[in-house]
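J.: The structure follows.
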Amino acid sequence: MKNFVLKYKLEFIGIIIGAVGGWVYWYTVGCASGTCPITSKPLNSILYGALMGGLVLSLFKKK
C-alpha cells in the first residue's frame with residue numbers, strides 16, 4: 001500500500017487540490033438557477049475538480 005501511495009503521490013496531491021478548488025468554485029460562483037450540471041451541487045463540483053486536478057498533475061509525472 002505504501003508503494004502505491006508513493007508511486008501515485010503526485011496524482012493524489014492533484015486530486016486533493018482539485019477537490020478543494022471545485023468546492024471553492026461552487027461556493028464562490030455556483031449556480032443560481034440550479035440547472036448547471038457541474039456547479040448546481042457541491043458534490044458534482046468537488047468530483048469534477050478532483051478529476052481535473054488528478055489528470056492535470058499526472059501530466060507532470062516522469063516516466
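The values are calculated or read from the model by the stated rules, or taken from the named source; none is laboratory data. Everything numeric here is computed off the predicted structure, so don't read it as measured data. Neighbour counts run over all protein chains shown; Cβ positions are idealised from the backbone, glycine included.
J.: Quick one: Tyr8 ticks every box in (1) at pLDDT below 95; (2) in contact with a helix residue (DSSP H, G or I) (Cβ under 8 Å, 6 or more places away or on another chain); (3) of a type in the set (Phe, Trp, Tyr) except a single one, so which number is it?
T.: Exception for Tyr8: condition (2).
J.: May I pose another question? With a cut-off of at least 3 residues that are surrounded by 13 or more Cβ atoms within 10 Å (Cβ to Cβ), name the helices (runs of 4 or more DSSP H) lying wholly within the chain.
T.: Those helices (runs of 4 or more DSSP H) span 9-28, 42-58.
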